[in-house]
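Presented below is the structure to which this report refers.
All of the numbers you see were taken from the coordinates with simple rules; none came from a lab. On a predicted model such as this, the values are computed, not experimentally measured, just so you know. Heads up, the Cβs are rebuilt from the backbone with ideal geometry, glycines too, and the neighbour counts pull from every protein chain shown.
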Amino acid sequence: MSVVHRTCPLCEAVCGLKITVDDAGHVTDVRGDREDPFSKGYICPKGASLGRLDEDPDRLRAPLVRDGDGWREVSWPEAFAAVERGLAAVPGPARAIYLGNPSAHTMAGALYGGAVIRSLGTRSVFSASTADQMPKHVSCGLMFGDPLAIPVPDLDRTDYLLMLGANPLESNGSLCTAPDFPGRLKAIRKRGGRLVVVDPRRTRTADLADEHVFVRPGTDAYLLAGIAHTLFAERLVTVNAPVNGLAEVEGAVADFTAEVAARACGVPADVIVRLARELAAAPSAAVYARIGTCTAEFGTITQWLVDVLNVLTGNLDRPGGAMFARPATEGAKRRKPYQTGRWHSRVRGLPEANGELPVATLADEIETPGEGQVRALITIAGNPVLSAPNGARLDRAFRGLEFMVSVDPYLNETTRHADVILPPPRMLNSGHFDFALLGFAVRNYVRYSPPALPLDGAPPETEILARLAMIASGQGADADPALLDELILDGMLRKAGDAAELRAALDGSSGAELRLDAMLRLGPYGEWAGGELSLRKLRENPHGIDLGALEPRLPGNLATASGRVELAPAGIVADLVRLRARLSAEIPEFLLIGRRHLRSNNSWLHNVGPLVGGTNRCTLQINPADVARLGLGQEAVVRSAKGELTVPLEPTDTIMPGVVSLPHGWGHAGSSQAVAAKNAGVNANVLTDEDVIDPLSGNAVFNGVPVILTTR
Ligand SMILES: Nc1nc2c(c(=O)[nH]1)N[C@H]1C(S)=C(S)[C@@H](COP(=O)(O)OP(=O)(O)OC[C@H]3O[C@@H](n4cnc5c(=O)[nH]c(N)nc54)[C@H](O)[C@@H]3O)O[C@H]1N2
Ligand SMILES: Nc1nc2c(c(=O)[nH]1)N[C@H]1C(S)=C(S)[C@@H](COP(=O)(O)OP(=O)(O)OC[C@H]3O[C@@H](n4cnc5c(=O)[nH]c(N)nc54)[C@H](O)[C@@H]3O)O[C@H]1N2
Ligand code: SF4
Ligand SMILES: [Mo]
């Protein structure tokens, strides 16, 4: 028996876990790590099931190569050779890549994802980001000059939190890394603060709040514009941050009076006015909005208005307001001003954002002939057949590819189209460091989890991706992945001093660890920057290190050309024309939205028996008044512009009339996951529409999808 302490890799809350492993490598117990200074012993049902998931008998143990209609297990060298042959036949511009959500959690994704992208020689780069948070990157890129400079609500000190389109009691939080999010929310009320939740459903988070406000799906931008308008009209604006464009913002929201906003979003005008006054009067306050407001047609406008309100109420960058974390591996600021649309997608002419094209146009790029047509695809940690808008079309499009390789532990709805599947080893065989998530933490904190179990011959995912990069760049399947690490290290260390001398000082038992050590030492708390952090220091502190409460970071954290916050980016202000035009549009009979369940995780946790069933089922939530009005029974046929599904109904008065909610990640088919196959559910993304996007970010729209319901 041994006890290992490591970070849970399953969601953004980064909880510390205490895991007991027997001599055969079986997990016998998982609990919260009480000595972790950030999570303090908190754990959720998913974390507690980590052992079951990690030891899932349906995980692939060896690479698979397509063999006629079936699959053949092959050795790793054979698998890489097959990838080399497949990619060699397709020139760079005809290759595409899709990176899924777990690649934002793994060290492999963070350290080698970029190298794979660059080595492919293509602009057909897609990821789950354009089905998620791209609007936030774009608004922060334009306002603060850096798409990763995303302010987070200072949960532990705020006096007032206005939360829209987030349900951290189920999701454990997103773009706001906060283990025990529920406890932190309860603490706001305990210290006399106020929590207001805006959501078309009365969620568990809303139940915990002082106030829940129903909003019509897809219309948060009106609500926030109405609040901004009221702040100006009632002279409640106090700006502490260095900003440009205050007068332009005042002009831009001049016509969004509380009454105009109320008609569009369904929140009464007097509530809009009161929320503005409360935000302005609170000693400190933060506005925080997440997936319900990002995956919507006015996603970027909404994310912009969130931070506009934080600025207008004097709460940006001050304790208790919306603040910027300072992660331990933060590098130097980018110097070029942020812009989107540096190139456009081939078929629909959609603008690039953060170097990516919208996943909503991936099927177009595969199906449409011509120069640059996508003929080969790499997917890493993604399941776009279940997660992308109109996934059913992608399911068909993938069949037309000449070559596809997937890095994934499962044979599933997406990877079944691959020619080669490369499975990463178990989580406990992998090192873990949250390069991305610690940049959005509500306290500055750092923790490294070395691999807990030795590898039994299979390569770690870091090496799988390094090899893919080297194959794609023409160096061949036998090239030594260490060469890639040394090249990257050299580039990093050269900027810092005598590269050879610095390289000799680095510590680590893999290329990934060496690179982490370099980033830590060069980072803001690093040994080479006057601080103490290094990989050794993290190894000596297996429960993690608290780096203190968030501190004001302006103007230093800005990367705009002006050195000030650009409160009124021209592109966003111009997009308000679209918001105004929609004021007079008819409201569809039903609007479809999504939801998440505590014991689920997008598409890939439905194979852990104890987590499935009960409240974790694929049902369509609907208001009982709508059931009665339409005379519906146990199930209904739901139709959208793109598809139709027959779904079991879950009548509940927690959802607004005229709104229905279906979770995504279900609709299991052709997967190696036996438990999931028995609880298959339906694919919500049969109904979502890839032709409707947020134009500034290219983000998919999952909330506010017009549908009709019938009995048959
Ligand atoms: N309708 C609707 N659709 C949505 C959403 C919604 O709210 N509504 N939400 C969207 C959001 S926010 C997101 S992030 C996307 C997610 O979209 P995706 O990332 O495409 O989908 P996931 O279901 O997260 O799939 C993750 C895949 O990674 C694999 N995997 C798990 N662990 C590892 C690992 O360590 N390494 C590798 N290589 N693979 C691993 C899993 O087996 C699975 O195949 O879905 C989006 N789709
Ligand atoms: N248990 C669990 N945890 C997860 C995941 C999971 O699948 N399961 N997925 C992870 C991922 S990839 C992400 S991105 C995060 C997301 O984390 P959250 O952003 O907290 O996501 P949800 O729990 O889906 O909550 C979104 C809420 O938005 C509401 N909503 C829908 N449409 C609108 C709208 O138009 N306006 C407003 N104001 N609200 C709306 C929905 O009713 C829902 O309550 O969760 C992560 N954590
Ligand atoms: S809240 Fe997230 S990080 Fe914490 S135990 Fe649960 S799944 Fe893991
Ligand atoms: Mo996500």
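Can you compute the helix-only [θ] at 222 nm over the chain? Use -39500 (n - 2.57) per DSSP H run of at least 4 residues, normalise by all residues, nearest 500 deg cm²/dmol. Intermediate results must be reported in sequence, preceding the final value.
Numbers: 25 runs with 221 residues, N = 712.
Using -39500 (n - 2.57) per qualifying helix, the result is -8500 deg cm²/dmol.
Taking a ≥ b ≥ c as the square roots of the Cα gyration tensor eigenvalues, with a/c under 1.5 meaning rounded and otherwise prolate when a/b beats b/c, else oblate, which class fits the chain? Walk me through the numbers before you get to the answer.
Values: a/c = 1.44, a/b = 1.19, b/c = 1.21.
Rounded, since a/c falls under 1.5.
Roughly speaking, what is the stretch gain from residue 539 to residue 191, that is 0.36 nm per residue apart minus the C-alpha to C-alpha distance, in nm to one decimal?
121.7 nm
Quick one: Cα centre-to-centre distance for the range 460-536 and the range 409-458, in angstrom?
18
Can you put 21, 138 in order, fewest other beta carbons within 10 Å first? Intermediate results must be reported in sequence, preceding the final value.
On the way: 21 19, 138 29.
The most exposed by this proxy come first: 21, 138.
Along the positive direction of the dipole of the range 588-710 (beta-carbon charges: Lys, Arg +1; Asp, Glu -1; about the Cα centre), which of 661, 604, 637 reaches farthest?
604
To the nearest 0.05, how large is the calculated FRET efficiency for residue 708 and residue 274 if R₀ is 35 Å and r is the Cβ-Cβ distance?
0.50
Can you tell me the convex hull volume per residue for the range 1-55, based on C-alpha atoms, in Å³ to the nearest whole number?
Given the Cα convex hull of the range 1-55, per-residue volume reads 62 Å³.
Out of residues 5 or more away from residue 404 or on other chains, whose amide H comes under 5 Å of its own, with H placed 1.01 Å from N in the peptide plane?
377, 419, 420
Full extension from residue 402 to residue 233: what is 0.36 nm times the residue separation minus their Cα-Cα distance, to one decimal in nm? Intermediate values should be presented prior to the final figure.
Numbers: separation 169, 0.36 × 169 = 60.84 nm, distance 5.95 nm.
Once the chain is fully extended between residue 402 and residue 233, it gains 54.9 nm.
Share of antiparallel DSSP beta bridges in the chain, in percent to the nearest 5?
Values: 43 of 83 bridges.
The answer is about 50 percent antiparallel.
Percent relative contact order of the range 1-156, based on C-alpha pairs within less than 8 angstrom and at least six residues apart? Mind dumping the intermediate values first?
Numbers: 190 pairs, mean separation 18.6, N = 156.
Worked out over the range 1-156, it gives 12 percent.
Determine the relative contact order of the chain: mean sequence separation of Cα pairs under 8 Å and six or more apart, normalised by residue count, in whole percent. Don't skip to the end; give the middle numbers.
Working: 1673 pairs, mean separation 141.8, N = 712.
Relative CO of the chain lands at 20 percent.
By its C-alpha gyration tensor, with a ≥ b ≥ c as the square roots of the eigenvalues, how is the range 597-712 shaped: rounded for a/c under 1.5, else prolate for a/b larger than b/c, else oblate? Present the calculation step by step, with values, prior to reporting the outcome.
Numbers: a/c = 1.73, a/b = 1.15, b/c = 1.51.
Cα axes put the range 597-712 in the oblate bin.
Rounded, prolate or oblate for the range 433-586? Axes are the square roots of the Cα gyration tensor eigenvalues, ordered a ≥ b ≥ c, and the cut-off for rounded is a/c under 1.5. Before the final figure, lay out the partial values.
Working: a/c = 2.00, a/b = 1.53, b/c = 1.31.
In terms of gyration-tensor shape, prolate.
Multiply the residue separation of residue 587 and residue 570 by 0.36 nm, subtract the distance between their alpha-carbon atoms, and state the gained length in nm to one decimal.
Length difference between fully extended and current span is 3.2 nm.
Could you tally the net charge around residue 475, taking each other residue with its Cβ under 12 Å from the Cβ of residue 475, Lys/Arg +1 and Asp/Glu -1? All intermediate terms of the calculation are to be shown ahead of the outcome.
Details: positive: 467; negative: 84, 478, 480.
Computed value for this residue: -2.
Give me, ordered by chain and number, the residues 5 or more places off residue 194 or on other chains with an amide H under 5 Å from its own placed amide H.
Amide H neighbours of residue 194: 160, 161.
Quick one: Karplus J couplings for the range 696-712, per residue in order, coefficients 6.51, -1.76, 1.60, θ = phi - 60°, nearest Hz, x for Gly and Pro?
Computed from phi, the couplings for the range 696-712 are 6, 10, x, 5, 5, 10, 10, 10, x, 7, x, 9, 10, 10, 9, 6, 8 Hz.
Give me the net charge for the shell around residue 294: Cβ to Cβ below 13 angstrom, other residues only, Lys and Arg +1, Asp and Glu -1. Before the final figure, lay out the partial values.
Numbers: positive: 136, 290; negative: 132, 220, 297, 694.
The answer is -2.
How high is the relative contact order of the range 1-55? Use alpha-carbon pairs under 8 Å, at least six apart in sequence, and give a whole percent.
Details: 105 pairs, mean separation 16.1, N = 55.
Relative contact order here is 29 percent.
Could you please report the charge total around residue 636, scoring K, R as +1 and D, E as -1 over all other residues with beta-carbon less than 15 angstrom from its beta-carbon? List each step's numbers first, then the result.
On the way: positive: 629, 639, 712; negative: 589, 626, 635, 644, 650.
Residues close to residue 636 contribute a combined charge of -2.
Can you compute the modelled spin-label distance between residue 490 and residue 677, with each label point 7 Å from Cα toward Cβ, in nm?
5.0
With 29 Å as the limit, write out which pairs from 40/537; 186/333; 40/190 have Cα-Cα distances beyond it, or answer none.
With Cα atoms farther than 29 Å apart: 186/333.
If you rank 443, 712, 595 by fewest surrounding Cβ atoms within 10 Å, what's the result?
Working: 443 20, 712 7, 595 23.
Listing 443, 712, 595 from fewest to most nearby Cβ atoms yields 712, 443, 595.
For the range 109-124, just list the computed ³J(HN,Hα) in residue order, Karplus coefficients 6.51, -1.76 and 1.60, θ = phi - 60°, integers in Hz, with x standing in for Gly and Pro.
For the range 109-124, the Karplus-derived couplings read x, 5, 8, 10, x, x, 5, 4, 4, 4, 6, 6, x, 9, 9, 7 Hz, x marking Gly and Pro.
Placing unit charges on C-beta atoms (Lys and Arg positive, Asp and Glu negative, everything else neutral), compute the dipole magnitude of the chain about its Cα centre in debye, rounded to 20. Working shown, then result.
Values: 72 positive and 82 negative charges, 201 e Å.
Approximately 960 debye in magnitude.
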